[in-house]
Amino acid sequence: MPKTARTTAVVLGSLGAAAAIASSAASAQTVEFPQTPSLFYGGLCGGNIRTWADTSPDQPGRAIINIQALPIQGVGDGRYPFAPLCDVDTTVAWRNTTTGQAGEFRQNVVAGIYGSILYAQYQDTGPGHIEVTVSTANQNVPARGSFEVPGPPPGPPPAEPAPAPAP
């Protein structure tokens, strides 16, 4: 194969792969909810909790709920009191207003001066409109949000009945 043809084939192949990835990623959706300010346990600590939902037509009727603390401020009771490591139980309660399903994701969030790790969990919400309330087990200002979960793609149309045999 001539060098020009090889280069053209590689470029076109790369563009095709990029288009396939982009079309799949374009259909996924991330919805971030308002942050939840909260006090934490383990010292005199406070900070904000970030939460969001990821949905995709590739996972119909399901959502990934994500929880992550931003960097906290305060004084801890450990060896390094000005670099506190504190925690708070966080709950993301959801309700599908289309189907009536409800559930929650509870997680003990451990955070420090750099925030926390990402906590994530699949939730079988069912397809429809999901209302969310985020709160913690300490003093907090609950946050509310909503998102849509796609359903399965429509099935094929019903088959035409076979004609009756002629008598």
Does THR55 meet the test of being among the β-branched types (Val, Ile, Thr) and within 18 Å of the chain's Cα centre (by Cα)? yes
Taking the residues in the stretch 79-97 that are of a type outside the set (A, V, I, L, M), open to solvent by 40 Å² or more (accessible area, probe 1.4 Å) and assigned to a loop (DSSP other than H, G, I, E, B) as candidates, determine which candidate is farthest from ARG50 (Cα to Cα). ARG79
From PRO34, PRO57, residue being under 19 Å from PRO142 (Cβ atoms) and part of a loop (DSSP other than H, G, I, E, B): PRO34
Pick from the stretch 1-43 the residues that are at pLDDT 95 or above and open to solvent by 50 Å² or more (accessible area, probe 1.4 Å): which of them is farthest from the chain's Cα centre (by Cα)? TYR41
Test: residue in the stretch 64-76 that is in contact with a Cys (Cβ under 6 Å, 6 or more places away or on another chain), within 19 Å of ALA137 (Cβ to Cβ), outside any strand (DSSP E or B) and modelled with pLDDT of 95 or more: yes
Filter the stretch 49-77 for residues that are hydrophobic (A, V, I, L, M, F, W, C) and more than 21 Å from GLY145 (Cβ to Cβ); which is most open to solvent (accessible area, probe 1.4 Å)? VAL75
Members of the stretch 120-132 that are open to solvent by 50 Å² or more (accessible area, probe 1.4 Å) and under 14 Å from the mean Cα position of the chain (by Cα): ALA120, GLN121, TYR122, ASP124, GLU131
Out of the residues in the stretch 135-167 meeting the condition of being under 30 Å from ALA28 (Cα atoms) and of a type in the set (A, V, I, L, M, F, W, C), tell me which one is surrounded by the most Cβ atoms within 10 Å (Cβ to Cβ). VAL149
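The values are calculated or read from the model by the stated rules, or taken from the named source; none is laboratory data. The model shown is predicted, which means the values in this text are computed figures rather than measured ones. Ideal geometry is used to build each Cβ from the backbone, glycine not excepted, and the neighbour counts take in all protein chains shown. SASA here: full protein model, heavy atoms, side chains in, ligands and nucleic acids out. Shrake-Rupley method; radii C 1.70, N 1.55, O 1.52, S 1.80 Å.
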